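Participant: Below are the structure tokens for one structure; questions will follow.
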């Protein structure tokens, strides 16, 4: 039995504690939400050490959390949640990641798969043609630097005011797609230069657009509230982030914080955890720049939503009212935000880092759209392209335990290199097509890296999230058309 | 002193990492290790056999340490890929010390008809980043 395993305390079937005694410097314990089966894989990687490293960051509250899809990241684990006191805590760009506000949105259509099946190849082609991957190619917009500053400060609102979307899209987006406190002056010119050609582009890697079909409904009431009415109904998933702009913001501030740490007497076990006090000039500047990148990502997903609506209209020749494509919700899963939470019975303002984790606020929370007040915030968990994706809701348990957070995806188990060794992209696509899933991708290689076998079975991850109570299953969709950059 | 060893002999290897890709690059001197790290990164991105060295850029970086230089070197190349669409394949690091790096890099503007992106690299990270001056090797985890 290795050190990691013997040091873990099983709290119940889905919660394992990493005690402070696991490693010198831990200020709080770690908690992993997982099952006994998945725990074995977590231990094989360096995840436990990474959760413990995060527990050493100044001002961390309660616990360093790992969500059910946790896997080995760089610095923070992916699937990590850490809350820092805003008075004496730090903010860490590595706790947000390079792809700031990588996130996902779900749109519900009024179409049934059986009725649309014959249009599927042309629909997938239309989506592939109209939404550029942006890798080696530019988006269709030409922005000047003033426009760029507006994108950074206004997010989705900028896009909708320019005619790219519907006014009601805003209220169905986390933070209405516009973080307050975003000041474009804190974003470097280099970041803006990277952002200009890429606005309205998908990106590659694990980013995708998926036409899904509702396959199971677990909670009729919540599903109906979200406009998800029946098995066979088509939905659209869009998974993307802040592109090169966000990567540059992260680079700029990781570097500046790594240099500033000595000044503040902060030492971290891994340089990628570089951080600065939230109330320092470095901390405040990063928060504002990161909010700008988050707004860029929301504007980006909003633009792609507009392009997708046009592509549907073109491919199946129906009007907006017949197609639907109403925004169910849009959530960030790489972000840090200032939120109010109870710690030891006292309300505190905290900076919640969610790195590959989704906000999961409960019913009646003031920060969720009024229409979802009765059911809780929609939680969107995309799976891999050969299996399922889930729609869940936030819960009071999440609020009490994990600072209102849950998982964000299936979680990788195989490296990209290992995934490519086992299956070629061409074979994987043929296999998907035999299952009735149409795929259009920029390269076979990028598809092979994302093959189902590279991921945990999302059903297992969701089961842990559901049974531990940190979110609640509403519906499941399966892919019928996938676009990859 | 930089050797005259041909740049066709690429010295790097990829290291398994669950979500990302690790890269270790070697050379007869630190200049070569940095060149090979850049070549390795662009080999992950695309098939470099299809890339011709038709455009070049002079790159000059000032930082406080070799580690910062490595991080910034790779990320600067990614910046040129995002903004100008250049896929670099030939690197000549003429100067490197603990304060600065100068290089001439050449490659080709991405042409979707001839090039494909195998794996998009988002950024070089500081996680497990190492510059070993005595062994003339560098290690970096790339966020992909």
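The values are calculated or read from the model by the stated rules, or taken from the named source; none is laboratory data. On a predicted model such as this, the values are computed, not experimentally measured, just so you know. Positions of Cβ are backbone-derived with ideal geometry, glycine not excepted, and every protein chain shown enters the neighbour counts.
Residue by residue, here is whether (1) touching a helix residue (DSSP H, G or I) at 6+ places or on another chain (Cβ under 6 Å); (2) modelled with pLDDT under 95; (3) outside any helix (DSSP H, G or I) holds:
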site	(1), (2), (3)
A:230	no, no, yes
A:255	no, yes, no
A:284	no, no, no
A:326	no, no, yes
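Participant: List, please: which pairs have Cβ atoms under 6 Å, are six or more places apart or on different chains, and start with a residue in the stretch B:108-123 that is more than 8 Å from chain A (Cβ to nearest Cβ) and crowded, with 18+ Cβ neighbours inside 10 Å and end with one that is modelled with pLDDT of 90 or more and assigned to a loop (DSSP other than H, G, I, E, B)?
Facilitator: B:108/B:51; B:108/B:52; B:108/B:54
Participant: Counting only residues that are facing chain B (nearest Cβ under 8 Å) and in contact with a strand residue (DSSP E or B) (Cβ under 6 Å, 6 or more places away or on another chain), how many does the stretch A:199-210 have? Let's see the steps before the verdict.
Facilitator: Going through the stretch A:199-210, the residues facing chain B (nearest Cβ under 8 Å) turn out to be A:203-205.
Within this subset, residues satisfying the condition of being in contact with a strand residue (DSSP E or B) (Cβ under 6 Å, 6 or more places away or on another chain) are A:203.
Number satisfying all stated conditions: 1.
Participant: Is it the case that residue A:18 is without any contact (Cβ under 8 Å) to a residue 60 or more places away in the chain, more than 14 Å from chain B (Cβ to nearest Cβ) and buried (at least 24 other Cβ atoms within 10 Å of the Cβ)?
Facilitator: yes
Participant: Looking at the structure I just gave you, is residue A:127 assigned to a strand (DSSP E or B) and either in contact with a helix residue (DSSP H, G or I) (Cβ under 6 Å, 6 or more places away or on another chain) or more than 26 Å from residue A:155 (Cβ to Cβ) (or both)?
Facilitator: no
Participant: Say we look at the stretch A:183-198 and pick out the residues that are outside any helix (DSSP H, G or I) and surrounded by fewer than 24 Cβ atoms within 10 Å (Cβ to Cβ); which of these is farthest from the other protein chains (Cβ to nearest Cβ)?
Facilitator: Checking each candidate, the answer is A:183.
Participant: Can you tell me which residue within the stretch A:418-439, out of those that are buried (at least 17 other Cβ atoms within 10 Å of the Cβ) and in contact with a strand residue (DSSP E or B) (Cβ under 8 Å, 6 or more places away or on another chain), is modelled with the lowest pLDDT?
Facilitator: Filtering first and then ranking leaves A:425.
Participant: Looking only at strands (runs of 3 or more DSSP E) that fall completely inside the stretch A:19-112, which ones have 1 or more residues that are more than 19 Å from the chain's Cα centre (by Cα)?
Facilitator: Hits in the stretch A:19-112: A:30-33, A:78-85, A:103-112.
Participant: Among the residues of the stretch A:46-65, how many are modelled with pLDDT of 95 or more, farther than 15 Å from residue A:25 by Cβ and within 14 Å of chain B (Cβ to nearest Cβ)?
Facilitator: 0
Participant: Quick check, is residue B:93 under 14 Å from the mean Cα position of the chain (by Cα) and more than 20 Å from residue B:48 (Cα to Cα)?
Facilitator: In short, no.
Participant: Now a separate question. Identify the single condition in (1) surrounded by fewer than 20 Cβ atoms within 10 Å (Cβ to Cβ); (2) part of a helix (DSSP H, G or I); (3) without any contact (Cβ under 8 Å) to a residue 24 or more places away in the chain; (4) within 14 Å of chain A (Cβ to nearest Cβ) that residue B:67 does not satisfy, given that it satisfies every other one.
Facilitator: (3)
Participant: Here is a list: A:448, A:410. Which entry is touching a residue at least 12 places away in the same chain (Cβ under 8 Å), buried (at least 22 other Cβ atoms within 10 Å of the Cβ) and within 11 Å of another protein chain (Cβ to nearest Cβ)?
Facilitator: Only one candidate qualifies: A:448.
Participant: To continue, here is another question. Give me a count of the residues in the stretch B:124-144 that are part of a strand (DSSP E or B) and more than 7 Å from chain A (Cβ to nearest Cβ).
Facilitator: Adding up the residues that qualify gives 9.
Participant: Further, regarding this structure: State the number of residues belonging to the stretch A:131-165 that are crowded, with 16+ Cβ neighbours inside 10 Å, touching a residue at least 60 places away in the same chain (Cβ under 8 Å) and more than 14 Å from chain B (Cβ to nearest Cβ).
Facilitator: Looking only at that region, the number is 13.
Participant: Inside the stretch A:338-358, can you point out the residues that are part of a strand (DSSP E or B) and over 21 Å from residue A:69 (Cα atoms)?
Facilitator: A:338, A:339, A:340, A:341, A:342, A:343, A:346, A:347, A:348, A:349, A:350, A:351
Participant: Let me ask you something else. Can you name every one of the helices (runs of 4 or more DSSP H) wholly within the stretch A:413-465 that holds 3 or more residues which are over 22 Å from the mean Cα position of the chain (by Cα) and within 21 Å of residue B:16 (Cβ to Cβ)?
Facilitator: By residue number, A:416-422.
Participant: Restricting attention to the stretch A:241-266, which residues are within 10 Å of chain B (Cβ to nearest Cβ) and surrounded by fewer than 18 Cβ atoms within 10 Å (Cβ to Cβ)?
Facilitator: A:259
Participant: Can you tell which of A:265, A:244, A:212 is more than 14 Å from residue A:103 (Cβ to Cβ) and in a helix (DSSP H, G or I)?
Facilitator: Details: A:265 fails: in a helix (DSSP H, G or I); A:212 fails: in a helix (DSSP H, G or I).
Answer to the check: A:244.
Participant: Same structure, new question: Please state which of the following conditions residue A:415 fails to meet, knowing it meets all the rest: (1) touching a strand residue (DSSP E or B) at 6+ places or on another chain (Cβ under 9 Å); (2) within 16 Å of residue A:174 (Cβ to Cβ); (3) surrounded by fewer than 24 Cβ atoms within 10 Å (Cβ to Cβ).
Facilitator: (2)
Participant: When residue B:14 is evaluated against the numbered criteria (1) in contact (Cβ under 8 Å) with a residue 60 or more places away in the chain; (2) within 12 Å of another protein chain (Cβ to nearest Cβ); (3) closer than 14 Å to residue B:138 by Cβ, which criterion, by number, is the only one it fails?
Facilitator: (1)
Participant: State the number of residues belonging to the stretch A:267-301 that are out of contact with any strand residue (DSSP E or B) (no Cβ under 8 Å at 6 or more places or on another chain), under 30 Å from residue A:163 (Cβ atoms) and away from every other protein chain (no Cβ under 14 Å).
Facilitator: The qualifying residues number 6.
Participant: When you look at residue A:223, is it in contact with a strand residue (DSSP E or B) (Cβ under 9 Å, 6 or more places away or on another chain), at pLDDT 95 or above and either at the interface with chain B (Cβ under 9 Å from one of its Cβ atoms) or not in a loop (DSSP other than H, G, I, E, B) (or both), yes or no?
Facilitator: Numbers: in contact with a strand residue (DSSP E or B) (Cβ under 9 Å, 6 or more places away or on another chain): yes; at pLDDT 95 or above: yes; either at the interface with chain B (Cβ under 9 Å from one of its Cβ atoms) or not in a loop (DSSP other than H, G, I, E, B) (or both): yes.
Answer is yes for this residue.
Participant: Next up: Could you figure out which of (1) under 30 Å from residue A:452 (Cα atoms); (2) in contact (Cβ under 8 Å) with a residue 40 or more places away in the chain; (3) within 14 Å of chain A (Cβ to nearest Cβ) isn't true of residue B:39?
Facilitator: Tallying (1) under 30 Å from residue A:452 (Cα atoms); (2) in contact (Cβ under 8 Å) with a residue 40 or more places away in the chain; (3) within 14 Å of chain A (Cβ to nearest Cβ), residue B:39 fails exactly one: (3).
Participant: Only residues that are within 11 Å of chain B (Cβ to nearest Cβ) and within 17 Å of residue A:49 (Cα to Cα): list them for the stretch A:79-101, please.
Facilitator: A:79, A:94
Participant: I'm told residue B:79 meets every condition in (1) within 12 Å of chain A (Cβ to nearest Cβ); (2) without any contact (Cβ under 8 Å) to a residue 12 or more places away in the chain; (3) surrounded by fewer than 18 Cβ atoms within 10 Å (Cβ to Cβ) except one. Can you identify the failing condition by its number?
Facilitator: All conditions pass for residue B:79, except number (3).
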